[in-house]
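Below: one structure, written as structure tokens.
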Amino acid sequence: MYLSTTGMLVFFFGFRYCFPYFLHDLYLIYIRLRLRYRIKKCMKTNYTITDHFLDVVKTTPNKPFVYFQDECFTYKQADELSNKTARVFLQSGLNKGDVVALFSQNSPMFVWLWLGLTKIGCVAAFINFNIRSKSLLHCFEVSGAKVLVAAQELRDAVDEVLPSLQQQQVSVLVLSDKWSSSGVESFTQKMDQVSSAPLSPNVTCGLTLLSPAVYIYTSGTTGLPKAAILSQIKLLLMSFVHMSMGRTSDEVLYISLPLYHTTGFIGVVGAICLGSTVALRSKFSVSNFWNDCRKYNATAILYIGETLRYLCNTPKSLNDRNHNVKLAIGNGTRPDVWREFLTRFGDIRVIEFYGATESNCSFINYFRKIGAVGRDFFLYKWMNPYAFIKFDVDRGEVVRDSSGFCVKVARGEPGLLVSKITPWAPFIGYMGDMKQTESKRLHNVFKKGDTYFNTGDMFLVDKEGFVYFYDRTGDTFRWKGENVATTEVADILTMADCIQEANVYGVSVPGNEGRAGMAAIALKEGLKFDPTTVFKHVVNLLPVYARPLFIRIQSLSITGTFKHQKGKLTEEEFDPNKISDPLYFLDMKEKDYVPLTVNIYDSLVTGTIKV
């Protein structure tokens, strides 16, 4: 008996030594199986997010649902207010399947509008409130929306495109009683005139879990923003992830990320599935972040990499650990910022994840492994087939062997993540853009006839199986938590009078997540670079995160092969000690593009100048 027990102990500790993460891996598989079971149950009864919400209203009507500023809205109040928004939409002539574009900062009304639309089987298109002009019109048009609902604070942006919208006979409803522009109607006035009584169940008759629920815009890999389609079942899958993180109905989730982003929006949807509470802020504020968390007694927060860095850059305070936040959920933070965040603000469980809006593949770091987004192990791969394959960065294409199939990378080697498209891992694509949808499908990957989703993102897997984000492929980069499409920025730059061609790419700036925008430009013959005019042009037409921080002027003969030079330009970055071409820096204080001197460069590298 003694030997048997000793042998078992030796086996147990030996197994733990050889496979230290096996139990964590099994837990993840258990969670995934539970999610599949719940989804199957929902599919049998066609149980949607709306059904989840209405069930919470029945069981806990007086439970706080949304905190905002000094207000608290219960689930019952949210139900009544969303009934009102639904009736306004019905009176506007909307039918099941119609699309409404929402253009607003975070607010309870944003949530009531979305809930009202989903109650009547309509689709909400969430438009980034930072975009303007051409991009704004594009996002609206590609969605096929019949109605635009806009907030008062975005009046100037709407007025700029209002003539074009009116030509298309689009109804413009505004969340204000003071908007005097011709051709717009007050949504809030209409809400005052309708009932808050429950809607007839016949309103959403025929809605299924495969029906589109929302459109969320992504820059993808090229061109203007694309409307990624999130179905009802996709929302359930995403929201159930919050449930798998150990969150409960008693928690308060603080959301300062924009609701037009998947991470922020799924925080609201996850709260509905849990029957918990969210605390909203209109826009992220580093100075008010922890005060808000204390005010609302937040127990969990959402972040992107920039969020944690901004918090760590604030002056230290005796109140740094005076909060109840136990969980931080997000993506994109650097390992050094992650460590500093924990050291300064306490033992907060940081759950880093990866999952693009339109992607059919995701990773979650349950292991508190700093820097990782998840783990690569055979059981997870068996449930959700994916692979990391070789990618030729210079050619911009996957590497194939002599048989025409893709080649998997070895551990420790960067590889492009591709995920097999299956009924459990579908890829719906982009609204009204079949070309871009097909461009994300990779055929004949490992055998003839198979199809994988091309994430466009490269990862590195270490010897323990932990997965780390490495870089993005294609004509895109990420800055300030937003995806930037280089071709879109280039198109805007070439609209400036003095610019003939533009090659836009991302460069690393020490101390910052992601890559800042840089443009190598060729000037029109006989014209000089006009920094002040280009500055005004960029500020007027591009959101903050998409504005090129650096400009490099080259001769036209060099720019003729821009596409082939992007890799070299990225490597040379913005160092005036190495580059003989004229360089300019976007100086918001001077409101101009100023010459990038060695002193400015040194200040950027050391962090003296913040970007």
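Here, each number is a calculation from the coordinates, and none is a lab measurement. From a predicted model like this one, the values you see are computed outputs, not experimental measurements. Positions of Cβ are generated from backbone atoms using ideal geometry, with glycine treated the same way; all protein chains shown enter the neighbour counts.
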Packing-based ranking, highest mean first, of 253-262, 505-514, 159-168 given that Cβ atoms within 10 Å are counted: 253-262, 505-514, 159-168
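Which number do you get for Rg(Cα) / (2.2 N^0.38 Å) in the range 368-472? List each step's numbers first, then the result.
Details: Rg = 14.1 Å, N = 105, 2.2 N^0.38 = 12.9 Å.
Relative to the 2.2 N^0.38 Å estimate, the range 368-472 comes out at 1.09.
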At the level of C-alpha centres, the distance separating the range 74-150 and the range 206-275, in angstrom, is 15
In sequence order, calculated HN-Hα J values of the range 150-167 (Karplus, 6.51, -1.76, 1.60; Hz; x Gly/Pro): 10, 7, 4, 5, 10, 4, 4, 5, 6, 4, 5, 9, 4, x, 5, 5, 5, 4
Rounded to the nearest 20 Debye, what is the dipole magnitude of the range 44-283 about its Cα centre when Lys and Arg each give +1 and Asp and Glu each give -1 at the C-beta? 440
Among all the aspartates and glutamates, which ones have a C-alpha under 14 Å from Lys316's C-alpha, if same-chain residues fewer than 8 places away are not counted? Glu340
Computed over the chain, Cα set: Rg, Dmax in Å: 25.2, 94
In whole Hz, the Karplus estimates of ³J(HN,Hα) for the range 109-126 (6.51, -1.76, 1.60; θ = phi - 60°; x where Gly or Pro) are 4, 4, 5, 5, 4, 4, 4, x, 5, 5, 5, 9, x, 9, 10, 9, 9, 8
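Given the -39500 (n - 2.57) contribution per DSSP H run of 4+ residues, what per-residue ellipticity at 222 nm results for the chain, rounded to the nearest 500 deg cm²/dmol? Present the calculation step by step, with values, prior to reporting the outcome.
Details: 20 runs with 218 residues, N = 611.
Taken over the chain, the calculation gives -11000 deg cm²/dmol.
Might you report the magnitude of the Cβ-based charge dipole of the range 262-401 about its Cα centre, with Lys and Arg at +1 and Asp and Glu at -1, to the nearest 20 debye?
Working: 19 positive and 13 negative charges, 114 e Å.
Its charge dipole is roughly 540 debye.
Just how large is the dipole of the chain about the Cα centre, in debye to the nearest 20, putting +1 at every Lys and Arg Cβ and -1 at every Asp and Glu Cβ? Don't skip to the end; give the middle numbers.
On the way: 68 positive and 57 negative charges, 398 e Å.
Dipole size: approximately 1920 debye.
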J(HN,Hα) series, the range 406-417, from Karplus relation 6.51 cos²θ - 1.76 cosθ + 1.60, nearest Hz, glycine and proline x: 6, 10, 6, 8, 7, 4, x, 10, x, x, 6, 7
Compute from the Cα atoms of the range 492-543 the Rg and the Dmax, the latter being the longest Cα-Cα distance, and quote both in angstrom. 12.4, 39
Just want to confirm a number: the relative contact order over the range 399-531, from Cα pairs under 8 angstrom separated by 6+ residues, in percent. 17
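Treat the range 296-441 as a sphere of radius equal to its Kirkwood radius over Cα pairs and apply Stokes-Einstein at 25 °C in a medium of 0.890 mPa s; give the translational diffusion coefficient in µm²/s, rounded to a whole number.
The estimated diffusion coefficient comes to 136 µm²/s.
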Students often forget the sequence filter, so: which aspartates and glutamates lie under 20 Å Cα-Cα from Lys44 once same-chain residues fewer than 8 apart are removed? Asp55
Could you please tell me the mean projected area of the C-alpha convex hull for the range 426-469, averaged over all directions and given in square nanometres to one decimal? 4.4
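Sequence gap at least 6, Cα distance under 8 Å: using those rules, report the relative contact order of the range 368-472 to the nearest whole percent. Kindly include the intermediate steps, with their values, before the conclusion.
Values: 175 pairs, mean separation 33.0, N = 105.
It rounds to 31 percent for the range 368-472.
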Thr277 long-range amide H proximity, modeled H, under 5 Å: Glu251, Leu253
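Out of the DSSP beta bridges found with both residues in the chain, what percent are antiparallel (nearest 5)? It would help to have the intermediate numbers written out before the result.
On the way: 55 of 97 bridges.
Among the beta bridges of the chain, antiparallel pairing accounts for roughly 55 percent.
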